[in-house]
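Trainee: So that we are looking at the same thing, I have put the structure below in structure tokens.
What follows is calculated from the coordinates using simple rules that are stated; it is not laboratory data. Here the structure is a predicted model, which is why all the values come from computation and not from measurement. Here the Cβ is made from the backbone with ideal geometry for all residues, glycine too, and neighbour counts use every protein chain on show.
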Amino acid sequence: MYRYDEFDERVVRQRVAQFREQVGRRIDGSLTEEEFLPLRLMNGLYLQLHAYMLRVAIPYGTLDSRQMRQLALIADRYDRGYGHFTTRQNIQYNWPRLRDAPDILEMLADVQMHCIQTSGNCIRNVTADHFAGVAADEVEDPRPTAELIRQWSTLHPEFSFLPRKFKIAVTGSAEDRAAVAVHDIGIRIVRNAAGEVGYRIIVGGGLGRTPMIGKTVREFLPKDELLAYLEAIMRVYNLEGRRDNKFKARVKILVHELGAEAFIARVEEEYARLDGPSLNVDPAELARIAAYFAPPAFEALPEGSAVLDQAAARDPDLARFVRVNLYPHKMPGYTAVTVSLKPIGGPPGDATSDQMRALADIAERFSLDELRVTHIQNIVLPHVKLDEVPQVWAALVEAGLASANAGLVTDIIACPGMDYCSLATARSIPIAQEIAKRFADPDRQQLVGPLGIKISGCINACGHHHVGHIGILGLDKAGIENYQITLGGDPGNEASLGERLGPGIDAEQVPDAIERIVDTYLELRHADGESFIDTVRRVGLDPFKPVLQPKEPARAAA
Amino acid sequence: MPLLDRNGWKPESWARDAAAGAAIVPFDQVEAVLGARRPGQRIGVDLPNDVHPNALLPWQDGLDFVAIAFPRFNDGRGFSLGKMLREQGFAGTLRASGWIIPDQFAFALHCGFDEVEISEAQAQRQPIDQWLQAPALIGETYQDTQDGMISIFKRRRAAAEAA
């Protein structure tokens, strides 16, 4: 894991002091509310429906047990004993007070954390594959690149007042688990024909009210040119991105309106005039950062584990957990364990402070002191010995964290929705809870197989519904919550946007409709266990359309 | 309008009057005014923030001053514009003119601005000490800046090489 040096430390401490001072100038009237707004947003502080909300950055989702314990302590001291992990690998507290915010920032700084640029029209917290350093199909760990971008983008004098927010994601694997195609900039670490490592740069993806898949603007960017090339993209966007309409201000609209070719031409023109060598970092500096992410001291272990096999043979619940929540590790004898924050009937992504402490303890003892937050709002223990999975599982059971549903139909992404968010037009969490209850039977979930349901409570799409295999969008229709269902979205390698199945339906009808969609899939799928998304791609939407009709009473005989 | 730089309030030495000895003129008149320039007359231009810096290239050597408009404090185009003008060799005085707030003063200086021109009302609300104090609050940057700060990346290398 990255550790701050004296420079990083000073920046974060100074930022805390600066924010304390900014709060003071807001209170004495020097700053108007309008002027204060972006300043507090750039420190992660939102004014929500009931209270302030504070969003803490967890860069590329990586944290250690000490940091997790501090998050738990903040939850106890300044919130109501829980936190909410988000789709951008952050954590949010829903109940802090404005005057406490500087003290919370201080506590975060004590464990090398911050809220810098978790909101506002600036370059946001950088996300990455949650299986970084674990997956066997990795060209290179994406986190050194993400950390480099974190530092470069921090308090960037030129790019802190952009037309709109700006999100960057990095993956180093063949399989894209970071949804890079639906980010403002997506970066894939690739190898060229000569075997050199570099970056494929994708720009202009995004969700929200105008969902778009990003366009590749550079097939192969040499590794040491990254920052200068990013500066060129940011400059074109800062100067030309639309500022007349907030809903058309993201870079995806600029790419779309100019056309990819013209956008690329502008970026390349700017790139040619930039002073690249002054912007790019010395490879030795990138190597310094990368050294923090060197593989931990893995033990030489055999493939497989008789201990685990025997324990799983004795306990069907453990066996199920092993089948569903384990991800193969590149090192023999190790595995990555997904800890689902989606218990049946619970709010997706929430964890209590006790659960956070339990996770910290488990990580410290069994996962080389490392945790990851996933954009699917779960936690990953990245480096667990197969032999110790039974102990980990037992500890998770004790903490109420052993739901065996990673990647299954009840592993639902949902935004906070109308229960918390001032933008929402409908509830999300209760919909997720009701759907999960319908599929509570673990055997049924496993029969259905991998299926991602994603729910957004408004058109801004924080629940990523466009890229849900089943997407649900809650809208307000003349004062009544109305839900549109889309099928066929996918955030991964073959990124695609879901298509609308038909007219919206009422909240009470949603669980039925989802059940009928799943039943239809089970009827249609090939016997070889064809997945939901593959089936939808093969048969199209038509066979699913009848599910939106209200269930008909038995027809009278003709 | 009140004018300040990193040392405090300063008197205005320019006038938005083409006949003045130090004259600021609108961007679309710059060609004509430079053509009719009197000996010794200094010329500056008011640059809207939707003009690409390339558009100033033909005239920038004849200009002593550019004021870039900040119509709203959260419209950040001016920061790129200022930095790009510096990068393409503009060596005169660079002013941020309109609505920027003390919390952006450091960014403006880092992007190559020399001075800031704000409204009377804003100057009342945000006294000079707030402006002078703001840039000192963050003493490190991860970027090389136009006002001479060296990026943390480079300072780390220098420290490593010195060790």
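Trainee: Lysine pairs in the stretch A:134-291 with Cα distance under 12 Å, only those 8 or more apart or on different chains: how many are there? Mind dumping the intermediate values first?
Mentor: Values: A:K165/A:K246; A:K165/A:K248; A:K165/A:K252; A:K167/A:K252; A:K215/A:K252.
Pairs that pass both the separation and distance tests number 5.
Trainee: Can you tell me the FRET efficiency between B:D61 and B:A15 if r is taken as the Cβ-Cβ distance and R0 is 35 Å, rounded to the nearest 0.05?
Mentor: On the way: r = 22 Å, r/R0 = 0.63.
E(calc), rounded to 0.05, equals 0.95.
Trainee: Size of the dipole of chain A about the Cα centre, Lys and Arg at +1 and Asp and Glu at -1 on the beta carbon, nothing else charged, in debye to 20?
Mentor: Numbers: 63 positive and 76 negative charges, 273 e Å.
That gives chain A a dipole magnitude of about 1320 debye.
Trainee: Would you mind estimating how fast the stretch A:134-291 diffuses translationally, via Stokes-Einstein at 25 °C and 0.890 mPa s with the Kirkwood radius over Cα pairs, in µm²/s? Please list the in-between numbers first.
Mentor: On the way: Rh = 16.0 Å.
Stokes-Einstein gives a translational diffusion coefficient of 154 µm²/s.
Trainee: Give the separation of the Cα centroids, the stretch A:470-523 to the stretch A:133-167, in Å.
Mentor: Here the answer is 32 Å between Cα centres.
Trainee: Next question. Going 7 Å from the Cα of A:E269 toward and past its Cβ, which residues in the stretch B:34-73 have a backbone nitrogen under 12 Å from where you end up?
Mentor: B:52-55
Trainee: Quickly rank A:370-383, A:105-118 as a protection proxy: mean count of other C-beta atoms within 10 Å, highest first. Don't jump to the answer; show the numbers that get you there.
Mentor: Values: A:370-383: 24.6, A:105-118: 21.5.
In descending order of packing, they fall as A:370-383, A:105-118.
Trainee: Let me ask you something else. Using all Cα-Cα distances in the stretch A:204-301, what percent lands in each 5 angstrom bin from 0 up to the longest?
Mentor: Pairs per bin, as whole percents: 2, 11, 18, 18, 14, 11, 10, 7, 4, 3, 1, 0.
Trainee: What is the distance, in nm, between label points placed 7 Å from the Cα along the Cα-to-Cβ direction at B:K154 and at A:R97?
Mentor: For B:K154 paired with A:R97, the spin-label model returns 4.6 nm.
Trainee: Shifting gears a bit: Just to confirm my understanding: which cysteines in the protein assembly as shown have no other cysteine beta carbon less than 4.7 Å from their beta carbon?
Mentor: A:C115, A:C122, A:C421, A:C458, B:C111
Trainee: Something else now. Once you charge only the Cβ atoms, +1 for Lys and Arg and -1 for Asp and Glu, what is the size of the charge dipole of the stretch B:3-138 about its Cα centre, to the nearest 20 debye?
Mentor: Numbers: 12 positive and 17 negative charges, 22 e Å.
Around 100 debye, computed over the stretch B:3-138.
Trainee: Moving to a separate point now. Using every pair of alpha-carbon atoms in the stretch A:385-511, split the distances into 10 Å bins beginning at 0 and state the percent of pairs per bin, rounded to integers.
Mentor: For the stretch A:385-511, the pair-distance distribution reads 14, 38, 30, 14, 4, 0.
Trainee: In square nanometres and to one decimal, what's the mean projected area of the convex hull around the Cα atoms of the stretch A:35-90? Mind dumping the intermediate values first?
Mentor: On the way: hull surface 18.1 nm².
So the Cα hull casts an average projection of 4.5 nm².
Trainee: Report, to two decimal places, the Cα Rg of the stretch B:1-81 normalised by 2.2 N^0.38 Å (N = number of residues). Write down the numbers at each step before the final one.
Mentor: Values: Rg = 13.3 Å, N = 81, 2.2 N^0.38 = 11.7 Å.
Normalised Cα radius of gyration, the stretch B:1-81: 1.14.
Trainee: Per 0.36 nm of contour for each residue apart, how much would the distance between A:A394 and A:R66 grow if the chain were fully extended, relative to their Cα-Cα spacing? Walk me through the intermediate numbers first.
Mentor: Working: separation 328, 0.36 × 328 = 118.08 nm, distance 2.19 nm.
Length gained, A:A394 through A:R66: 115.9 nm.
Trainee: Using 0.36 nm per residue, how much length does the chain from B:D50 to B:A163 gain when fully extended, once their Cα-Cα distance is taken away?
Mentor: Result for the pair: 36.0 nm of gain on full extension.
Trainee: How much FRET efficiency would the formula 1/(1 + (r/R0)^6) give for A:R242 and A:E499, where r is the Cβ-Cβ distance and R0 is 22 Å, rounded to 0.05? If you can, show how the numbers build up before the last one.
Mentor: On the way: r = 27 Å, r/R0 = 1.22.
Working from the Cβ atoms, E equals 0.25.
Trainee: Using only Cα atoms, what is the ratio of the radius of gyration of the protein assembly as shown to 2.2 N^0.38 Å?
Mentor: Values: Rg = 27.3 Å, N = 721, 2.2 N^0.38 = 26.8 Å.
Ratio of Cα Rg to 2.2 N^0.38 Å: 1.02.
Trainee: Using a Gaussian network model of chain B with C-alpha springs under 10 Å, which one of B:V116, B:V30, B:V51 is most mobile by mean-square fluctuation?
Mentor: B:V51
Trainee: Can you give the FRET efficiency for A:D476 and B:D129, using 1/(1 + (r/R0)^6), R0 = 51 Å, r = Cβ-Cβ distance, to the nearest 0.05? Intermediate values should be presented prior to the final figure.
Mentor: On the way: r = 48 Å, r/R0 = 0.94.
For A:D476 and B:D129, the calculated efficiency is 0.60.
Trainee: Right, here's the next one. Using +1 at the Cβ of each Lys and Arg and -1 at the Cβ of each Asp and Glu in the protein assembly as shown, identify which of A:L475, A:T145, B:A91 lies farthest towards the dipole's positive end.
Mentor: Positive-most Cα among the choices belongs to A:L475.
Trainee: If you don't mind, another one. Quick one: Debye curve from the C-alpha atoms of the stretch A:118-191, no solvent, what's log10 I(q)/I(0) at q = 0.13 Å⁻¹?
Mentor: -0.37
Trainee: Let me ask another. Average the reciprocal distances over every distinct pair of alpha-carbons in the stretch A:6-110, invert the result, and give the Kirkwood radius in Å.
Mentor: Values: mean 1/r = 0.0699 Å⁻¹.
14.3 Å is the Kirkwood radius here.
Trainee: Rg/Rh for the stretch A:277-406 to two decimals, with Rh computed the Kirkwood way over all alpha-carbon pairs.
Mentor: Here the Rg-to-Rh quotient is 1.06.
Trainee: Continuing with the same structure: Can you check what the net charge comes to around A:D369, using other residues whose Cβ is under 10 Å from the Cβ of A:D369 (Lys, Arg +1; Asp, Glu -1)?
Mentor: Working: positive: A:R66, A:R365; negative: A:D64, A:E364, A:E370.
After counting each charged neighbour, the total is -1.
Trainee: Let me ask something else about it. According to a simple spin-label model (label point 7 Å from Cα along Cα-to-Cβ), what is the distance in nm between A:A440 and A:E257?
Mentor: Those two pseudo-labels are separated by 5.1 nm.
Trainee: May I ask you to list the residues of the stretch A:131-150 whose amide nitrogen lies under 11 Å from a point 7 Å from Cα along the Cα→beta-carbon direction of A:Y292?
Mentor: A:144-150
Trainee: Compute log10 of I(q)/I(0) for chain B with the Debye formula, placing one identical point scatterer on every Cα and leaving out solvent, at q = 0.10, 0.16, 0.20 Å⁻¹, to two decimals.
Mentor: Rounded to two decimals, the profile gives -0.40, -0.92, -1.29.
Trainee: Now for a separate question. Per DSSP H run of n ≥ 4, the term is -39500 (n - 2.57); total these for the protein assembly as shown, divide by its residue number, and report the mean residue ellipticity at 222 nm rounded to 500 deg cm²/dmol. Working shown, then result.
Mentor: Numbers: 24 runs with 249 residues, N = 721.
Mean residue ellipticity at 222 nm (helix-derived): -10500 deg cm²/dmol.
Trainee: Which one of B:P39, B:P58, B:P135 has the biggest mean-square fluctuation once chain B is modelled by GNM with Cα springs under 10 Å?
Mentor: B:P39
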